[in-house]
Each structure stands twice: as C-alpha cells, then as structure tokens.
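A short worksheet on the structure shown next.
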Amino acid sequence: MQRHKGIFNEFKKLLKDNFAEKLIAKIEDEDEFLEIQGSPFWLMKDTNELIVGYGVNHTHFSDDFNKLDNGINLIADLLTNRIKTTNYIKGNYVYKSIVEIEFPDSTTKILGKSTILIHPFWRKKKIETTIEESLIEKHKIQNQLNLIMQIK
C-alpha cells in the first residue's frame with residue numbers, strides 16, 4: 001500500500017473514533033473524501049496524493065513533492081488548534097480572506113489567503129473575524145499521531 005493511503009486510513013480511524021456521528025465519508029472510484037460535519041476541515045486521498053483542506057484552502061502532499069510528514073503535521077494542527085478567519089468585505093462581497101492557525105503560544109501560521117480582484121472598491125471596508133475552536137485536544141490523540149508518523 002502506498003504511504004499516503006496508509007496515512008489516510010489511519011486518520012480515518014482517528015476521526016471515526018473521535019467524531020463518529022459527525023464524520024461524513026464519500027468514495028468515488030479510488031478517491032476518498034472525509035469531512036467533519038459543521039467544520040470546514042476536510043481530508044482526501046486520490047491515487048497519488050493526500051489532500052488536506054480547510055474551507056477552500058487546501059494543500060496536496062505526496063512523498064514525491066511535498067513530504068507527507070508535513071501533511072500529517074498540518075492535519076494535527078487543524079484538528080488541535082484554533083483557526084482564525086479574517087474576511088475583508090466591501091458591500092456584500094468578501095474580497096479577501098485570510099485563514100490562520102493559532103497555536104497555544106499565541107503564534108500563528110497562515111494557512112491560506114484568497115483575494116478577488118473585482119469588487120465594489122468604492123464601498124466602505126468592513127473586517128469580520130471568526131474563530132473556530134479546536135476540534136479536539138492534542139493530548140487525546142497524541143498516541144495515534146505518533147503511530148501515524150511512523151507509517152512507512
């Protein structure tokens with residue numbers, strides 16, 4: 001079995017164990033998609049990659065390009081830390097959105113930025129920030145994360 005598929009399967013077990021009633025799984029051909037109902041977090045595997053997403057932001061991981069260990073760390077960060085989304089709005093249009101992971105030591109890591117160039121620039125700018133609390137405490141899944149990191 002390819003390493004990314006083994007990692008995906010172990011995360012699937014972890015998510016089933018902790019979010020059984022909220023976990024939504026979809027399979028189409030060799031692609032498999034997981035999401036937690038009520039959360040922007042999602043995870044997907046295809047024939048070559050592990051794809052980690054949060055809303056429209058997503059990153060592809062494989063052993064050929066981006067190291068899969070980085071994908072494991074990103075999944076752990078998305079599950080166990082607060083996520084801050086800042087939307088910049090003019091009129092009814094969100095023209096810029098920044099998603100950041102907030103760590104317990106108050107540092108942040110930008111997960112993604114999106115910008116739309118065409119928007120009503122003449123309107124007054126409004127900034128809205130939302131915080132998604134962590135989905136699970138890290139110490140509850142640390143043993144499973146350690147096992148997943150060891151998959152070869």
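The values are calculated or read from the model by the stated rules, or taken from the named source; none is laboratory data. Please read all numbers here as calculations on a predicted model, not as lab measurements. Quick reminder, even Gly has a Cβ in these numbers, built from the backbone with ideal geometry, and neighbours come from all protein chains shown. Just so you know, the surface numbers come from the protein's heavy atoms only, side chains and all, with ligands and any DNA or RNA stripped out. Shrake-Rupley method; radii C 1.70, N 1.55, O 1.52, S 1.80 Å.
For the chain, the longest principal axis of the C-alpha atoms and the axis of helix 68-80 are separated by about 60°.
Find the accessible area per residue for the stretch 30-152; the probe is 1.4 Å, ligands and nucleic acids are left out, and the unit is Å².
Values: 7370 Å² over 123 residues.
Ligands and nucleic acids excluded, the result is 60 Å² per residue.
Take each peptide in 130-136, 98-104, count the other Cβ atoms within 10 Å of every residue, and average; sorted highest first, the result is 98-104, 130-136. Note on the chain: Cα Rg divided by 2.2 N^0.38 Å, N the number of residues, gives 1.14. Pairs exceeding 28 Å between alpha-carbon atoms, taken from Lys12/Lys96; Lys12/Lys152; Lys45/Lys84; Lys22/Lys96; Lys26/Lys140; Lys67/Lys126: Lys12/Lys96; Lys22/Lys96; Lys67/Lys126. Secondary-structure-derived ellipticity at 222 nm for the chain, considering helices only, amounts to -9000 deg cm²/dmol, per-run term -39500 (n - 2.57) for DSSP H runs with n ≥ 4. Modelled this way, with points 7 Å down the Cα-to-C-beta line, the labels at Leu117 and His58 are 2.4 nm from one another.
Send over the Kirkwood Rh of the stretch 98-152, from the inverse of the averaged 1/r over different Cα pairs, rounded to one decimal Å. If you can, show how the numbers build up before the last one.
Working: mean 1/r = 0.0659 Å⁻¹.
Evaluated on the stretch 98-152, it is 15.2 Å.
Relative contact order, whole percent, for the chain stands at 19, derived from Cα pairs under 8 Å and 6 or more residues apart.
Run the numbers for Glu21 and Asn48: contour at 0.36 nm per residue of separation, minus the present Cα-Cα distance, in nm.
On the way: separation 27, 0.36 × 27 = 9.72 nm, distance 2.88 nm.
Additional length available on full extension: 6.8 nm.
Once the C-beta distance of Gln150 and Gln37 is scaled by a Förster radius of 41 Å, the resulting FRET efficiency is 0.85 to the nearest 0.05. Overall, the accessible surface of the chain at a probe of 1.4 angstrom is composed of carbon and sulfur to the extent of 49 percent. Which of the three applies to the stretch 70-119, rounded, prolate or oblate, going by the alpha-carbon gyration tensor with a ≥ b ≥ c and a/c under 1.5 meaning rounded? In terms of gyration-tensor shape, prolate.
The convex hull drawn around the Cα atoms of the stretch 28-76, when projected onto a plane and averaged over every direction, covers 3.5 nm².
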